[in-house]
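**Q** Quick one: the structure is below, questions incoming.
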Amino acid sequence: TMMLLVSLQTNLPHSHTRTREAQDTHAHPPRPHRKRPTQRATPTMSKINIERPECYMDLYDEYRQAMEERLPWDAGFKKPTTPASLRGKIRRFLETYNVTSTSFQRVIGVNPGSFNTFMTGKYKDPWAACGNCTYDSAEYFFHFEKKAGKNSFSAKFKASQAGANVVVGAGAGLVAGAGGPGAGASAAAPLAAAAPKLRLPDVTSVVLDDEENVFLTPKEVRAEISELKRRYKFSNGDFAVACGVAKGAQPGAPIGRFLAATGDFGGEQMDVYRPAAQFIEKMRVFEERPKSKKRKDLEADSEGRPGKKVFLGLNPSTKYLVMAGTYMTKDSLGRNVHGHPGW
């Protein structure tokens, strides 16, 4: 009897539920399916490309002086920026203003290999990242941001409409928008009307006052090549031909290896270094650009040296036989020189 009662108690609710479901279906026919209104997709802001303004290097001498004040043996010691802190500043700038990493690299004058190596931070010694050219180049970028006032990138971004891609005049250095919300015809027109880049000119007929000396470090030559690529259209192979160093089936390969080198003197021993530096100097004469202050100071300094040999500084990667207590410091021209507490 008990087994029968349990069976009835178990089956009754299910039977009762099925009956109610049938009644509800009969009493209330199913409602017709209503199509949900489609939601408009929120437009995503496109990345913005920045360009180097004409006044970008105007504060470089001031920057070098500020770097000298950070030397730990000076009385006015200032703690240098750590590579990790500098990476954070770069990321915040790119994220805050939605700037492309590629255009940022072009502005500071470094190649993607050096930039990515620096940003990943995979160094056994964290301070070894200071030898990467990205460190010094990015440091100067933020020095420019701090001192340039209304000409700084951040100031021009803040002056523009929030979230809009705008073009702030030729050579102003800001914003070649990649399209997106707020990028109307006024922003697109200057880009469409921009003149196409020219090919590298033939400068073989240009005669230099000094054919022997080189006035640019390998790092400075790389920065000048990056600047040329901003104004002219050419490949590494084209540049090798222009410098007279094109060889083999891949003439641009040596130029690529030179551009991938890092540090002030990375690539110093490569065969392309001196021809590239001389080509840069010929381009300066061809374009009728004046000599920089540093260039004039190097010429004046070389007058008192044996054979009037230009001294560009010591290579931090080279070992030198020195007295105990000797350290490496910067002179008034920003060159690496040896210093001693008693000097």
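The values are calculated or read from the model by the stated rules, or taken from the named source; none is laboratory data. This structure is a prediction, so every number in the text was calculated from the model and none was measured. Quick note on the areas: whole protein, heavy atoms, side chains included, nothing else; ligands and nucleic acids left out. Shrake-Rupley method; radii C 1.70, N 1.55, O 1.52, S 1.80 Å.
**Q** Once the mean 1/r over all distinct Cα pairs of the stretch 212-343 is inverted, what Kirkwood radius in angstroms do you read off?
**A** Mean inverse Cα-Cα distance, inverted, gives 16.4 Å.
**Q** So how much accessible area does residue 241 have, in Å² to the nearest 10, using a 1.4 Å probe?
**A** 100 Å²
**Q** Could I ask something else about it? Enumerate the lysines that residue 150 could reach by cross-link, defined here as Cα to Cα under 18 Å, with residues fewer than 8 away along the same chain left out.
**A** 158
**Q** Which value, in Å² rounded to 10, gives the accessible area of residue 52 with a 1.4 Å probe and all protein chains present?
**A** Counting only protein heavy atoms, residue 52 exposes about 30 Å² to solvent.
**Q** Could I ask something else about it? Counting only protein chains, not ligands or nucleic acids, how are 323, 283, 57 ordered by accessible area (probe 1.4 Å), most first?
**A** 323, 57, 283
**Q** Also, quick follow-up: Could you order 51, 303, 287 by accessible surface area, starting with the largest, using a probe radius of 1.4 Å?
**A** In descending accessible area the options line up as 303, 51, 287.
**Q** I need the phi-derived Karplus couplings for the stretch 219-229: 6.51 cos²θ - 1.76 cosθ + 1.60, θ = phi - 60°, integer Hz, Gly and Pro marked x.
**A** Listing the rounded values in order: 5, 5, 5, 4, 5, 5, 5, 4, 5, 5, 5 Hz.
**Q** Using only protein heavy atoms and a 1.4 Å probe, report how much of residue 239 is accessible, in Å² to the nearest 10.
**A** That residue has around 0 Å² of solvent-accessible surface.
**Q** What's the lysine pair count for the stretch 255-343 at a Cα cut-off below 29 Å, pairs eight or more apart or interchain?
**A** 25
**Q** By a straight-distance test (C-alpha under 16 Å), which aspartates and glutamates pair with residue 146 as possible cross-link partners, with residues fewer than eight away in the same chain excluded?
**A** Within the straight-line limit of under 16 Å, residue 146 reaches these aspartates and glutamates: 58, 61, 62, 136.
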